[in-house]
């Protein structure tokens, strides 16, 4: 499994609710449909 960070948590945080921002904290797992592409990028 490959972990990744959540998107949309770096700027313009004023219009996002606290609940939404809290949900974007931490890591999630890369989906199986993207796994082959990610492995090619992480080859080295």
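The values are calculated or read from the model by the stated rules, or taken from the named source; none is laboratory data. Since this is a predicted model, take the numbers as computed values, not measurements. Using ideal geometry, Cβ is built from the backbone for each residue, glycine included, and neighbour counts are taken over all protein chains shown.
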**Any hit, the range 18-35, residues being assigned to a loop (DSSP other than H, G, I, E, B), in contact (Cβ under 8 Å) with a residue 24 or more places away in the chain, out of contact with any helix residue (DSSP H, G or I) (no Cβ under 8 Å at 6 or more places or on another chain) and loosely packed, with under 10 Cβ neighbours inside 10 Å** = no
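Would you call residue 14 in a strand (DSSP E or B) and modelled with pLDDT of 95 or more?
no
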**Request:** Name the single residue, out of those in the range 1-11 being in contact (Cβ under 8 Å) with a residue 24 or more places away in the chain and outside any loop (DSSP other than H, G, I, E, B), that is surrounded by the most Cβ atoms within 10 Å (Cβ to Cβ).
**Result:** 4
